[in-house]
Structure formats: structure tokens, C-alpha cells
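The values are calculated or read from the model by the stated rules, or taken from the named source; none is laboratory data. All values reported here derive from a predicted model rather than from experimental measurement. Every residue, glycine among them, receives a Cβ derived from its backbone with ideal geometry; neighbour counts consider all protein chains shown.
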Amino acid sequence: MADNQAILKTLIQGATVELFQSYGIAVAPTLQNQPLPKTVDDYVGGYGAFTGGGLNGTLGLLVPKPVFSLASLEGPRIINILDWTKELTNQLFGRIKSRLAYYQMLLRGDIPSALEGKSLEMRVAASSPFMTVHFRSIRGEVIVTVAGTIDYSKFQFSSLIMAEAGDIIMF
């Protein structure tokens with residue numbers, strides 16, 4: 001089980017670094033087993049529920065607002081920070097889902113929601129994630145949480161060739 005926990009954490013770390021890198025934002029995993037922040041005034045949080053393959057729960061993404069200013073975006077930089085947080089959470093889920101497919105854990109996810117202010121503070125205070133992964137950036141700490149249940153015995157590596165982001169799949 002400990003090995004599978006490490007695998008899951010590594011998959012989340014890789015997916016998160018890759019996601020932020022795609023927007024020109026450098027993040028790096030930090031020491032683990034850190035508590036969630038006491039105050040999230042400067043954060044926006046995205047949350048999406050998922051189910052399947054022995055893993056059921058919620059994926060959370062907490063991003064400090066100053067991190068968004070680091071993004072390399074095409075076109076005008078006027079963005080709705082809540083909408084973008086939902087999109088980042090959705091993209092993170094997709095990347096994690098693709099990686100977990102190699103371990104025979106096929107997941108389905110709901111459309112994420114985004115919170116800030118008092119709503120986010122209450123959500124963080126009420127959460128009890130079984131995994132929290134912290135990342136440092138030059139503008140604050142990005143945090144990924146996974147809450148719910150997991151059956152680590154379901155992790156079965158397979159060498160199936162999976163489609164990558166951008167691949168065309170013929171039906």
C-alpha cells in the first residue's frame with residue numbers, strides 16, 4: 001500500500017508540474033505532510049468530484065491569486081479568475097485520470113466548481129483530504145488535495161498504450 005501511495009503522489013506531482021508548465025508557470029513539489037493553510041484569503045480553490053476504479057472523492061486545487069499573474073496567455077489578459085480555476089482543476093483531473101489509466105483505475109469526473117473568500121475558507125476548514133501535495137512557486141504555494149476513499153489494491157500497472165493529450169482517436 002505504501003508503494004501505491006507513493007505512486008499516486010508522484011502521478012499528482014507530475015500532472016501538476018506539467019499543467020502549470022503549460023502556462024509558463026514554474027512549480028516544484030515541496031516537503032510532504034504539511035497542513036493546509038489556516039487562512040486562504042489570497043487563494044482561489046477549484047473542486048471536482050470523481051468516481052471509479054476504487055477511487056472516489058474530490059480533487060481540490062488551491063492557487064494563490066498572485067500565481068495567475070505569471071501565466072503566459074495568448075490574447076488579452078482579462079480573465080475571470082474563478083472560471084480559469086475551474087478550467088485548471090478540470091485539466092489537472094484529466095492529466096491525473098490519464099496517468100491512472102495505466103494502473104487500471106478508470107475515473108469519471110464532474111464539472112469542477114471554484115470558490116474564494118469565506119466559501120473557500122469554510123470548504124478548506126471542513127475538508128479532511130487523505131492526500132495533500134504542496135508546490136512552491138515564486139508567488140506562493142499551490143496545493144492539491146484528494147479527499148474521499150481509495151482502494152490501493154486496485155492499482156495494477158498495465159503497459160496499454162494510452163492516448164496522449166492532443167492525439168486523434170479514430171472510432
All but one of (1) in contact with a Leu (Cβ under 8 Å, 6 or more places away or on another chain); (2) surrounded by 19 or more Cβ atoms within 10 Å (Cβ to Cβ); (3) of a type in the set (A, V, I, L, M) hold for ALA101; which doesn't? (2)
How many of the residues in the stretch 39-63 are of a type in the set (S, T, N, Q) and more than 15 Å from VAL124 (Cα to Cα)? 2
I'm trying to understand the selection: among the residues of the stretch 15-30, which are among the hydroxyl-bearing types (Ser, Thr, Tyr), surrounded by fewer than 22 Cβ atoms within 10 Å (Cβ to Cβ) and in contact with a Leu (Cβ under 8 Å, 6 or more places away or on another chain)? TYR23
Count, please, the residues in the stretch 31-55 that happen to be out of contact with any Pro (no Cβ under 6 Å at 6 or more places or on another chain), part of a loop (DSSP other than H, G, I, E, B) and either surrounded by 14 or more Cβ atoms within 10 Å (Cβ to Cβ) or on the phi > 0 side of the Ramachandran plot (or both). 7
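Would the stretch 101-120 turn up any residue that is part of a helix (DSSP H, G or I), among the aliphatic types (A, V, I, L, M) and over 21 Å from LYS154 (Cβ atoms)? Don't jump to the end; show me each part of the working.
Quick first cut of the stretch 101-120, residues part of a helix (DSSP H, G or I) only: 101, 117-120.
Those still in the list that are among the aliphatic types (A, V, I, L, M) too: 101, 120.
Add one more test, that the residue is over 21 Å from LYS154 (Cβ atoms), and what stays is 120.
Yes; the residues of the stretch 101-120 include at least one that is part of a helix (DSSP H, G or I), among the aliphatic types (A, V, I, L, M) and over 21 Å from LYS154 (Cβ atoms).
Yes/no per residue for (1) modelled with pLDDT of 95 or more; (2) out of contact with any strand residue (DSSP E or B) (no Cβ under 9 Å at 6 or more places or on another chain):
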site: PRO37; (1), (2): no, no
site: TYR43; (1), (2): yes, no
site: TYR47; (1), (2): yes, no
site: ASN56; (1), (2): no, no
site: VAL63; (1), (2): yes, no
site: VAL67; (1), (2): no, no
site: GLY75; (1), (2): no, yes
site: LEU92; (1), (2): yes, no
site: GLY109; (1), (2): no, no
Against the condition within 17 Å of GLY24 (Cα to Cα) and charged (D, E, K, R), how does GLU121 come out, does it pass? no
